[in-house]
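*Asks:* Encoded as structure tokens, here's the structure I'll be asking about.
What follows is calculated from the coordinates using simple rules that are stated; it is not laboratory data. Just so we're clear, the structure is a prediction, and the values are computed from it rather than from any experiment. Every residue, glycine among them, receives a Cβ derived from its backbone with ideal geometry; neighbour counts consider all protein chains shown.
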Amino acid sequence: MEKDIEKSLLKEPDLSYGHYTYADYLTWEMEEMVELIKGKIFKKAAAPKRIHQWLTGNLHTELNMFLKGKKCQTYIAPFDVRLPVNSKNDDKIFTVVQPDICVVCDLGKLDERGCIGAPDLVVEVLSPSNNQVELRHKYEVYEESGVKEYWLVIPDSQTLLIYSLVNEKFKASRLMTTGDLAQSSVIQGFELNLEEFFGGFK
């Protein structure tokens, strides 16, 4: 009880404490962007590499253009995605992530604070500082929450993995690279030419 009172008053939360909620998250005044995964805080890199921002921005643009006039909407970080388990109350939500890109087709999940519930498509562009978070912690919460498709873009090797949710478990595509055409099974008709996508960075 005493620990709960102390943590609710913190503007700079104790990173070692592992039971924070979205209600706590809303009170923090931190310079760094953070994410909350199963109650534990993960700091995001303050300034990703230029290639990260370039790839993220270009893929977001491609998705936006493709989805124009359709019911799905695409968002780019910073954008809070709350992933509730048993309750949508702020003090019962223990995971709040900021995917690089997300596409939401159930517009009822959107509110003025972001998205509550699993997006249909999530894209993460890896950075050296966040690989562990994306590869393990985020993979788990995306799968458990029911994200239908998860794209993992790896700039250093110019590769892409697509995880599709099948029977509540992610199934990985083969590792795709330049010369391949990536296709979404969730955003019907969306394709990404990886040679053009990666090759445009100078």
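*Asks:* What dipole magnitude, in Debye to the nearest 20, does the chain give about its Cα centre under +1 on Lys/Arg Cβ and -1 on Asp/Glu Cβ? Mind showing how you got there, number by number?
*Replies:* Working: 24 positive and 31 negative charges, 73 e Å.
For the chain, the charge dipole is close to 340 debye.
*Asks:* Once the dipole of the chain is set up with Lys and Arg at +1 and Asp and Glu at -1 on Cβ about the Cα centre, which of Ser173, Ser157, Thr61 lies farthest towards its positive end?
*Replies:* Ser173
*Asks:* Rounded to the nearest 10 degrees, what's the angle between the helix 50-67 long axis and the longest principal axis of the chain, both from Cα atoms, 0 to 90?
*Replies:* Once rounded, one gets 70 degrees.
*Asks:* Can you tell me the length gained on complete extension of the stretch Lys40 to Lys109, counting 0.36 nm per residue apart and subtracting the Cα distance? Spell out each step's value before the answer.
*Replies:* Working: separation 69, 0.36 × 69 = 24.84 nm, distance 2.36 nm.
Here the answer is 22.5 nm.
*Asks:* Tell me, what is a quarter of the convex hull surface for the C-alpha atoms of segment 50-199, in nm² with one decimal?
*Replies:* 9.0 nm²
*Asks:* Need one number: % antiparallel among DSSP beta bridges in the chain, to the nearest 5.
*Replies:* On the way: 31 of 38 bridges.
Looking only at bridges with both residues in the chain, the antiparallel portion is about 80 percent.
*Asks:* Apply 1/(1 + (r/R0)^6) to the Cβ-Cβ distance of Gln132 and Arg50, taking R0 = 22 Å, and write down the FRET efficiency to the nearest 0.05.
*Replies:* Working: r = 22 Å, r/R0 = 1.00.
Rounded to the nearest 0.05, the efficiency is 0.50.
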